[in-house]
Every structure is written in C-alpha cells, then in structure tokens.
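Written out below as structure tokens is the structure these notes cover.
The values are calculated or read from the model by the stated rules, or taken from the named source; none is laboratory data. Just so we're clear, the structure is a prediction, and the values are computed from it rather than from any experiment. All Cβ positions, even for glycine, are placed from backbone atoms using ideal geometry, and neighbour counts span all protein chains on display. Heavy atoms of the whole protein, side chains included, go into the accessibility calculation; ligands, DNA and RNA do not. Shrake-Rupley method; radii C 1.70, N 1.55, O 1.52, S 1.80 Å.
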Amino acid sequence: MNYQVPDKNLMIETSIDEPDVVFYDVRNDPFEVYGLYDYRNQEQFKRMPDEIGRNVNPGVATLYLSTAGGRVRFCTDSQYIAIKAEMPAMCNMSHMAFIGSAGFDLYLDSPESGFSRYWRPFRPAVGAQGGYESKIKFADRKKRWFTINFPSYSPVKNLYIGLQADARVGEGLKYRSELPIVYYGSSITQGACASHPGNAFANIISRELQLDFLNFGFSGNGKAEDLMVEYLASLPMLAFVSDYDHNAPNTEHLRRTHCKLYQKIREKHPDIPYVMVTRPDEYYISCDMKLDNRDVIMDTFRYARANGDKNVYYVDGGEIFRGPHEDQCTIDGCHPTDVGFSLMADFIGCTLKQALIKQYT
C-alpha cells in the first residue's frame, strides 16, 4: 500500500504534549470517512442532507447532526494518534457514559484478516464543552491501520488527526463491499447506552462482517414518516434493517407505517436482504402494546412471504436478552449495556450473515 502526503499546512492550536505533532483534516485524502453524508463538502458532519434532516420531524432536525455510525479509516507509522474535535455540543446524559455519547474511540485493523480490535478511547475531560483533544501513544513505532469511531450522540463540526511530523500516512482498510447495510430505528439503533461508540450493535456487526453501514437511529424519533421512508429507499444499500418498533407512538401508527416502509424499500431494492426486528427489551416489559407491536411486525413478515419474498427475515427481539445474563442487558430496562449490545449484534449479525451468504453464493 502506497503512502500519500496530506496537506500539513493546518494552523491548529493544541495542548497535545508532543513537540512534533502535525494535524490533518479527516475530510482530505488519504483519510476516508464512512457513515456520514457528503463529508468532504459539508461544513459540519451529518447523517443526511439538510433538506431531509430538517424536515422529517423536530427531533430528527437535531439528531441528524449527531454522528452515530461515523468512522474514519487510515494507516500511519506514527507512534501516537491524537485527535482534536470541534463540537457544537457534547451530549452528557445521566444513563450513558460520556465517552459513548460524546467521545471517539480507536480500533486497530488487521490488513491480513480485515478484522478490527478495540484499543483505547480518546477520553474527553469531565465537563468538556465545545470539543476536546486527546492522545493515544504506542510502545513502538511501526505501520498500523486504524478505525476511529465518531460519537453516537453529539454533533461534530471538524475532526483533526494529530501525527508525528515525519510520519507517513496512507489509506485505511477497505470494506468487503462498497454498498452499506442501512439501519433504521430508535435510540437503541443510534447507540444508547454503549460505553463507547464502537460497542453499538451496528458497529459490532460492521467489524464482524467487515462491511460498511449507515446508522439512521433517531432517539425517540424513528417514526417512518413518508419523507424519511422515501430518503431511505433512495439510498444504495447491501441490506436493510428495520428496527423502529420502540419509537412508534402506538400500535396503530406502527401498523400504518411498518408494511409501507417494507413496500417502499422493496420497490427500489427488490433483491436485498430485509431484516425486521422487534424491540429487544420485551423480556423486561409486560404490556399489551409491546405484544401487539410484535404481531404487527410479524404480519409484515407474513405479508412479504405470502407475496413470494424469500429474502426477508424476522428477528424476535424478545429472545435476544434471554439467558444467564438477562438482568445485565440494559441500563434502565430499555437501553442496552455493552452486554446487551453484544447479544443484539450476535442475533442480528447472524441473520445478516446468513442472508448475505444466501444472496451471494
């Protein structure tokens, strides 16, 4: 793999305690950002264009600027990796780790296997506002491949990577397909309450399958409005995961929208795997609405199968957390812990893997 020489002429004020640190804007080659919309041409990172994000509903108008699912990949022989993030806001919630909601984390990527392994978080200071700087240093200097995950619940205006001035910088690993898996859902899909961004279930699946993805989880606001559905259907994709049960205000709303979402995606993407997921915390909740919602999702699945769709899949969320660690799976009876997200990744990831093997072998 050939190294490239990025522009080093960025005048960045920094408190990073390395005398030879030089910063690079991740919008420029050889860095490549995944999971975010048209990132090279935007003044702020975002998950979809303004004309969609601002007009779906008031919640999405804020949340589409959160960078859930964003990643930057590159390689370098620098002995340290520093970041300087400029952030209009840093979300700090009582039930979620600050690193998960507003922090970045670092993974080491293997050029031999393609897999990524968690290394360290870039830790923001307690009470940080407006962004932060952080550094991770290695014991030796050699060429390594990296993925840095963006925060799940905070907006990011700019991200700069700090490396040794004489370090070589090159492209990161490529995913197995240029097409992403597209996820649509709730706060759980967005990543609440993973301890760090890479532990959200869509991120885990991405690493295990070595596939790109787009995260359209909108905390409390995934309601499958027509504008949102039309946008989702317009996207190139490898597979689609429908996971918005939690955000339907009532069962009738879910009934009006769930099959319609399936039909619209199928109209534009007749052959991709389509995965339907019910809420994963059913184990904790005894409520007729939750069971009724599950029936609605099963009805969509049956409708699809009855119409000859053999590439549609149903994941019963009520089974995901059951087992010896079921009382460790959520923070608050709803939002998953890292244990819960790992189980979600196992269930949904296994379904996607089987679907994609079936599709392409």
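The alpha carbon centroids of the range 16-83 and the range 197-250 are separated by 18 Å.
Each principal axis of the Cα cloud of the range 139-288 was evaluated for its coordinate range; sorted largest first, these ranges are 61, 35, 28 Å. Length gained on full extension, E319 to F115, computed as 0.36 nm times the residue gap minus the Cα-Cα distance: 70.7 nm.
Computed with a 1.4 Å probe over protein heavy atoms only, the accessible surface of the chain comes to 42 Å² per residue.
Classification of the range 203-269 by its C-alpha gyration tensor yields an oblate form. The axis ratio a/c (a ≥ b ≥ c) is 1.5 or more, and b/c is at least a/b.
The length gained by stretching the chain between L108 and M298 to full extension, at 0.36 nm per residue less their Cα-Cα distance, is 64.5 nm.
Calculated FRET efficiency, K353 to K143, Cβ-Cβ distance, R0 = 35 Å: about 0.70 to the nearest 0.05. Taking every DSSP beta bridge that has both ends in the chain, the antiparallel portion is near 70%. Relative intensity of the range 27-137 on a log10 scale, I(q)/I(0) at q = 0.12, 0.13, 0.22, 0.24 Å⁻¹, equals -0.50, -0.58, -1.42, -1.52, per a Debye sum over C-alpha point scatterers of equal strength in the absence of solvent. Each peptide in 228-241, 197-210 receives the mean, over its residues, of other Cβ atoms within 10 Å, and ordering these scores from highest gives 197-210, 228-241.
Model label sites at Q129 and R27, defined 7 Å from Cα along the beta-carbon direction, differ in position by 2.6 nm. Relative contact order, whole percent, for the chain stands at 17, derived from Cα pairs under 8 Å and 6 or more residues apart. For the range 243-361, the Stokes-Einstein estimate of translational diffusion at 25 °C and a viscosity of 0.890 mPa s comes to 163 µm²/s, using the Kirkwood hydrodynamic radius over alpha-carbon pairs. Each peptide in 17-30, 244-257 was scored by the mean count of other Cβ atoms within 10 Å over its residues; highest first, the order is 244-257, 17-30. Measuring max minus min along each principal axis, the C-alpha atoms of the chain give extents of 63, 45, 44 Å (largest first).
Here's the list of aspartates and glutamates a cross-link from K143 could span, going by alpha-carbon distance under 14 Å and ignoring same-chain residues fewer than 8 apart: D77, D109, E112, D166, E171.
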